[in-house]
Structures are given as structure tokens and as C-alpha cells.
Amino acid sequence: MKRKEGQVRDHTLSAYAVVWCRDFRLQAVKRRSGRGLPVALVDDTQRQSIVLCCNALAARSGVEPGIPTVQALARCPLLKVERPSEAAELAAGRSLLETALSWVPGIEETGPGILTLDLATQPPAQWQESAFRLRDRLFFLGLEVVIGLGETPALARLAAQAALHGGVEVWHLRPEERLEKLDQLPLIIAETGSGLNEKLRLWGLQTLGAFARLRREDIASRLGDEGVELWLRLTGRLRRPLRLAKLEQLFEEHHDFEYDLHEREPLLFILQRFIETLVGRVAQTGRAATAVHFLLSFADGSCHAKRLSLPEPSLDSEVLFRLVSGHLESFEMKAAVVALRLRFEPSDPVASQKNLFGAGLRNRHQYEETLKRLRKIVGSDRIGSPRSVDSHRPGLFEDAPLPAELGEGGGRASGPPVTGPTLRRYPAGFRTRVQVRDGIPLRVESSRISGVVINVSGPWKSGGDWWHHGQHWERIEWDVELLNHGLFRLVETGRGWVLEGYYD
Amino acid sequence: MPVTGAAKIDALESLRKQLGRQIKSGTELLQEREQKGICLVTGLDGLDETPGGGLPRGQLTEIIGRGPSRGLGVVMAALLARARGEGRYVMLLDVGAGFSIESFPEGDLESLLRVGCDSAKQAVEALDVATRDENFHLFLLDGRDCEPSDWKSVRTQQWYRILNQLRQREAVAVLFARSEVTGATKHRLEVVSRLALGDLHQERLVILSRTQFQPVRHFTEEKAGALRAG
């Protein structure tokens, strides 16, 4: 079957949404002044103050963009005049992005107050419902938006424009009814140059649908690139990848203190608030924090920066607060704090399949914290899970990290079969005098233990490392039972006898 | 006005009625624990046959061997093996540097975290920190090389804090020592059997089956103090 001109060739379920915050600069500052008031944003930088934009209430009273502020106030005495605020716009932009993240992760900041969302990850049946939900959430935050849905970014933008002009909240331009819907839209919605619009009007074209029905070759020959570009947009053939917003900026909070701060408590209070906010934001992206960047600026110009990493990505506010507050308490603040900055380093949350019969650490964060505290008590080199090293020299082992997961351990323990009691070594071994008859120990005398040998087992000779210069060792072991004392290990080396330890 | 014993009991009864089931008597708690099977079964006949049937959860148990070669190390190794078999982590607070890796099967050490300590005091401090961690259910404090006077520097409150933490997590702590250590311990066993040279080549299970435990009673904090001072 021959495909009709203007029909979409790609029938995959790609879809985009454009969230459009009309008069974004005004809405950004209006959030503070509340609803139900006529508000206008004015430009005071010129010799004469003029209205940049206004809300619907003000417009109803005759206020319109471009008129002097004085005139606007005369027309609407209740008019609330606001000045543009970069900080308010930044905050509103963040709110917009943050809230949109609750819907999809792929978002482009197309312009001030305009977001383009890639809906490819969302089921089509939920697009419209989710769009209304997002609109409601933003309304709650003081931002009034319209949302356009379409199969390409350009068509979604067109749908958003249509929603703006039509006074509806969500406008869905479905592929199967695209031409019919475009028939309802005036040319001005396509945001083309006035020259092209005028030319099309003179041709007798009133709607975008009528334009989309024209043949591409005819448009190319008569209207050139601008016409072709519009035709491609309207027919859904103009696709572009989204320039996804860098979300890192969302995961940062900072506070400049208006006064010098010497105490830790207020800092902890602010830190807790920051952490809760950032946790919420990171959670909306479906990720978790793998590290926290902490920066304190001091009144003397110095600063303290630290990257605090977590054993595994987490979004547990309590864990994150403990991590940061623990660090805050670990160093001395030599000057007053003037600014605090906190940034979360996001990462994919841990998702691992545990062994069916295995086990693991219940709370890795708590374990890491315990380790940290234990290291403070006993030293950092004395904690670990003992593992044998590649040597036959007795007593050598190394400390390995405790595995976070334990495999199935129900069967027999690995390693050599175990017989006999365990050996407990004396820290450095005791120099010992040993009476020997026919090469067999008879009596042992040392500062720790002295006694008569009533039973003996040995000698057990061993040696090694002769292939390493200066590390050669050789020893002869005897296991002896001393009268009224117990079982001991005696070792004869080239330097004499040593009471190495006892069996227990 | 002096308060009589009967008045105290009445006041307590009235308080209990007001608070409903929020407070429980010691007997009730004991019964509850017995019903819940609140002891950690070790698989060691000698230990499991003692009153309570194993190592009581939420408690510190002292296992005493008055001198070397009583078999405390074998008991420790058995507890480690049992914990590994159940896939649980164990923390060993090792006073001194006497740990010998060749005495344990490699696999049993997988779930063991060893903390080397210089002194009894340091080990108890470490135990105080460690018992707050929910990842470990069994804590072994190896104080076999400590002198009775070494425990003197440990504050009594610290023992009770540890007990409280153990109780909260229902974890088990076992203190291996040469003599009684603290009056805070309610469960104390003495290993009375001795090892002989022939045991060096004997299967551990056989050694364990011959190990004899005997409950040690009536050891108070005062006695502990007197012992340390003595």
C-alpha cells in the first residue's frame, strides 16, 4: 500500500512532552506574591518603566505588555508590580526541573520555563494522566504550566503552543489524528517568521493542517528551507536528540550566612534540612547518593572541602546525616563559617541478587561506621578478617576486608581438616632454657612457665624462604605436655629455644 | 514517714495497673525468654546442656579456664564454625597478638572480623562500640592472656552498657578468661576438663564431646573487685 504524503513513517511509540510555563519570569516572582492578585513584571532599567508581562487578572483590567507602568497602575490600581529576579527564576527553574523528574529522567531545558521531556520510558496509556498530575504538582508549587504531547519534540512544542492558545492544560497531538488537529491550528502557532506567515496567508492557507497537506517538492521550490523545515516539523519528520539537562546542579544546596557562625549546632540544623531536600531530589531521579561533597567557607578566606564517600549508594537521610555530622565533629573550625555547600554525587542504587541461602551484612553503613570507630580505638591496622598468606612460615596472616556477602556456609568448612586444640601464641615467644636428653626436651624453664616435660611429640622440622636472600628460616617444633601446666609448643631455632605458645 | 514494704508493693501494683502491660516483673520476663527460646544453641553438648540450653541472647557469658590447655580455644573455634554455618558474622576482640590462623579452618574465618586489642580495657571499649552494630550477632572477647588485675581498669558502668546493648540486639557476647571478670555477668561457666598430648591429633568433635562445663555461681561485683585487688 502506498503511504500517503505527510504520514509518519516511524510508527515506534516515541513521544515527547513540552512543559511550558507561560510568562516564566513573571511566574517566578509571582510565586511569592500569591494567587488572586493582578501582577505585572516591569522593566525599571529604561528611562521609563514599562510593563514586560502581566497575569490574566491584570490583563482583564487593561494592563498589557509594553505600556508604561504608570499607565498600568492607572488602569489597575490593585496591580502588584514586580521586578525580574534572577534568583527567583533560578529557584523556579529548579522546581520545574525537579518536579518534572518525578515523571521521566530524560529532560531537556529547552528555554526559560520550557522543558522537553522524553516519554519513551513511559507507557502510552499513562502519558495524559501523568501530564495532568505534573501540571497539578507544579500548580501547587505556584507554577502554572501547559503541557503539549507529540511524537517529536517539535510536535510536542506545537501541542504546547496550541494548549496555550486554546486555554487548555494538556494538548495531545496523536499521530493518527495529527492532520485533523493541525487543521484547527492557525499558522501563528508554528512560531515561524512573519514573512512566511504573510506569504502563506496570501496563498490562502489558514491552518497548519492545510500547509502539512502540501507536497514537499512544491514547498521546497517556492518557500525554500524555511518552508521545508516547517513542513518537516508538521509531518513529524523533523527529529532531534534532546540535550539532556545536567542534573548535578539539582543535587547541590548552599547557604550563605548573613552573620559569622561559630557554633556547630546551627550548621547541623541546616545540614539536616539540606540532606532531606537533596534526598528527595535524588530519589526522584531513581538514583542514590554515592558520596557527599561538603564545603565550608570561613571568614578568614580559607575553606574546608571533603568528599565523604559511602560504602554503597544510599538515600537514607539518617545515614547521610551521620556521615556529614560525624565529619563536621572531626575537625576544628578555626574561624567563623560564612557559607556552607553540600552536593550529592548520584549513582545507580545497588541492586543485587542475594544468595538464596547466603547471608550478608544487614546494614553496611552501620558496619562502616563501626569500623571507623573501632579504628579510632585500636588503630587502623588491627582490624580485618584473617586470611592466610602464601607462605609456610607459621603464624603469618593478613587482614582482609570482611566480605559483604557470605556464600552458603551450611556444608563443611573449607580449608584443612581440623584436629587438635588451637594454638595461642605468646606475643614474642619466650626465650627458654630447655634441658635435653638424647635430643628430647626434659625440662623447660622460662620467665613465664617452668616445668617438667611429661609427654612430648616431635621433632617437627620445617623451613622455607631459602630462595629469598636473608629471609631463610628453619625451625624444629616440639609439642610438650608440662606437668600441672598444660600443652605447649617449643621451638628450636638457630638462636636457641623459644616457648612459642600454648594449646587451648 | 517511713514507707513500709506492704505499702511499696501496693504502690507498685497500682502503678502496674495504671501502666497496663507496659511493665513486667522479672519473673514474667524470665518466663517470656524461656518461652521464646532466647538462647543461642551452640551445638556443643556441654554448653547446650547447661541451664537455659546454650548461650543466652542479650547476655554476656564468661567461659573460664583456669590455666592453659583447658580447651577454651576449641570452644571458640566451634562457635566460629557454627556461626559460619549459619551465615552470621562474628567479631573477635583479641587481647594480645596470640591469634594463630592455622588453628582454624579457612572457611570458618570468612565471617570473622578480628579486632586486635592491646589491653582488656581497650577490648571492652571496642566491645562497647561493636555491640551497637546490628551486623554481628556473636561477640567473642578473648581475654585468655589477661591477668585478673587487667580487668580492674574497666568501669562497671561500661559492662552494664554493653549488656544493655546486647539486650537490645539480642546478641551474644562470650568472654574467654582465666578467672571471673565482672559481676555484670549472669551466666558463667568454667571448663574443668584438661587437654592431654594425645588430643593434639584428636578430632575436635571428640575433644569437644569430652569438654566439661560447670556453672560458676554467686560471683558478685564485690567479689570481682576483691579478686582484682587481691
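Name the residue, out of B:Val90, B:Val75, that is closer than 20 Å to B:Val191 by Cα and either open to solvent by less than 20 Å² (accessible area, probe 1.4 Å) or not in a helix (DSSP H, G or I) (or both).
So the residue among B:Val90, B:Val75 that is closer than 20 Å to B:Val191 by Cα and either open to solvent by less than 20 Å² (accessible area, probe 1.4 Å) or not in a helix (DSSP H, G or I) (or both) is B:Val75.
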Going through (1) surrounded by 14 or more Cβ atoms within 10 Å (Cβ to Cβ); (2) within 30 Å of A:Arg287 (Cβ to Cβ) one by one, A:Phe140 fails only at (1)
Those strands (runs of 3 or more DSSP E) completely within the range A:71-143 that have 3 or more residues that are assigned by TED's automatic domain parsing to the domain that holds A:Trp171 and closer than 22 Å to A:Leu41 by Cβ are A:107-111
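Let's see how each residue does on (1) open to solvent by 20 Å² or more (accessible area, probe 1.4 Å); (2) facing chain A (nearest Cβ under 7 Å); (3) under 24 Å from A:Gly379 (Cα atoms):
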| residue | (1), (2), (3) |
| --- | --- |
| B:Val95 | no, no, yes |
| B:Leu109 | no, yes, yes |
| B:Thr156 | yes, no, no |
| B:Asn164 | yes, no, no |
| B:Val172 | no, no, no |
| B:Ser179 | no, no, no |
Residue hits (the range B:116-125; at the interface with another protein chain (Cβ under 7 Å from one of its Cβ atoms) and either open to solvent by 10 Å² or more (accessible area, probe 1.4 Å) or at pLDDT 95 or above (or both)) are B:Gln122, B:Glu125
When every residue in the range A:396-410 that is open to solvent by less than 60 Å² (accessible area, probe 1.4 Å) and modelled with pLDDT under 85 is compared, the one farthest from the other protein chains (Cβ to nearest Cβ) is A:Ala404
Condition set part of a helix (DSSP H, G or I) and facing chain B (nearest Cβ under 9 Å), scope the range A:377-394, selection farthest from A:Glu474 (Cα to Cα): answer is A:Ile377
With the first residue restricted to the range A:419-443 and required to be more than 14 Å from chain B (Cβ to nearest Cβ), and the second required to be open to solvent by 60 Å² or more (accessible area, probe 1.4 Å) and β-branched (Val, Ile, Thr), Cβ contacts under 7 Å at 6 or more apart or on different chains are A:Leu442/A:Val436; A:Arg443/A:Val452
| message | I'd like to know if the range A:233-246 contains one or more residues that are assigned to a strand (DSSP E or B), over 13 Å from the mean Cα position of the chain (by Cα) and touching a residue at least 24 places away in the same chain (Cβ under 8 Å). | response | yes
Being among the β-branched types (Val, Ile, Thr), open to solvent by less than 20 Å² (accessible area, probe 1.4 Å) and over 26 Å from the mean Cα position of the chain (by Cα) narrows A:Val70, A:Val81, A:Val51 down to just A:Val51
| request: Please verify whether the range A:285-292 includes one or more residues that are without any contact (Cβ under 8 Å) to a residue 24 or more places away in the chain and either more than 17 Å from A:Val324 (Cα to Cα) or buried (at least 17 other Cβ atoms within 10 Å of the Cβ) (or both). | output: no
If we ask which residues in the range B:187-207 are out of contact with any Pro (no Cβ under 9 Å at 6 or more places or on another chain) and more than 10 Å from chain A (Cβ to nearest Cβ), their number turns out to be 2
Among the residues of the range A:293-342, the number that are of a type in the set (Ser, Thr, Tyr) and open to solvent by less than 30 Å² (accessible area, probe 1.4 Å) is 2
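What residue, among those in the range A:123-132 that are in contact (Cβ under 8 Å) with a residue 24 or more places away in the chain and of a type outside the set (A, V, I, L, M), is most open to solvent (accessible area, probe 1.4 Å)?
Narrowing the range A:123-132 to residues in contact (Cβ under 8 Å) with a residue 24 or more places away in the chain: A:124, A:127-128, A:130-132.
If we keep only those that are of a type outside the set (A, V, I, L, M) as well, we get A:124, A:127-128, A:130, A:132.
Details: A:Pro124: 61, A:Trp127: 22, A:Gln128: 60, A:Ser130: 11, A:Phe132: 78 Å².
Only one residue fits best here, namely A:Phe132.
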The strands (runs of 3 or more DSSP E) lying entirely within the range B:137-219 that contain at least 2 residues which are at pLDDT 90 or above and touching a Phe, Trp or Tyr at 6+ places or on another chain (Cβ under 9 Å) are B:172-177, B:187-191
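The values are calculated or read from the model by the stated rules, or taken from the named source; none is laboratory data. Because the structure is a prediction, the values reported are computed rather than measured. Neighbour counts are summed over all protein chains in view; Cβ atoms, including those assigned to glycine, are modelled from backbone coordinates with ideal geometry. These accessible areas exclude ligands, DNA and RNA; they are computed on the full protein's heavy atoms, side chains included. Shrake-Rupley method; radii C 1.70, N 1.55, O 1.52, S 1.80 Å.
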